[in-house]
Amino acid sequence: MNKKTAQIFLHCGFIFWLIAFFNFKDQKEVLGTRLMTQGLILAIVWCIPCIGYIAGTIFTIMAIVNIAKGDEDYKLPIFGEVDWFNK
């Protein structure tokens with residue numbers, strides 16, 4: 001799995017987040033700790049009925065478009081500054 005695919009996986013749901021996380025668990029700098037946090041928060045947002053589905057879909061599309069453009073330092077609205085994995 002290459003870096004761009006793993007970054008997309010981080011934003012596509014909890015199962016895909018786990019796949020990307022465990023593929024690069026020893027190389028967190030490859031994925032970026034902020035992207036890992038954004039993906040996990042998106043997975044949590046997807047669990048909220050109605051509003052979560054709409055917001056999750058919009059944020060996921062925004063993330064995938066930015067990754068596809070090659071922008072590695074983007075931040076999603078509302079929770080883009082959060083970084084739980086930076087230690």
Answer rounded, prolate or oblate for region 5-87, using the Cα gyration tensor with square roots of eigenvalues a ≥ b ≥ c: rounded when a/c is under 1.5, else prolate when a/b is larger than b/c, else oblate.
prolate
Helix 33-46 versus the longest principal axis of the chain: what is the Cα-based angle in degrees, 0 to 90, to the nearest 10?
30 degrees
Phi to ³J(HN,Hα) by Karplus 6.51 cos²θ - 1.76 cosθ + 1.60 over region 64-80, Hz, x for Gly, Pro:
5, 5, 5, 5, 5, 6, x, 7, 8, 10, 8, 10, 6, x, 6, 10, x
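Over the chain, what is the relative contact order in whole percent, taking alpha-carbon pairs under 8 Å and six or more residues apart? Show your work: numbers first, answer last.
Working: 94 pairs, mean separation 28.4, N = 87.
Relative contact order of the chain: 33 percent.
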Between E81 and L18, the two model label points (7 Å from Cα along the beta-carbon direction) sit apart by a distance in nm of 3.3 nm
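Which FRET efficiency value, to the nearest 0.05, do you get for A55 and D26 by plugging their Cβ-Cβ distance into 1/(1 + (r/R0)^6) with R0 = 25 Å?
Working: r = 32 Å, r/R0 = 1.28.
Step by step, r from the Cβ atoms, then E = 0.20.
No lab work stands behind these numbers, since they all come straight from the coordinates. Just so you know, these numbers come straight off a predicted model, no measurement behind them. Every residue, glycine among them, receives a Cβ derived from its backbone with ideal geometry; neighbour counts consider all protein chains shown.
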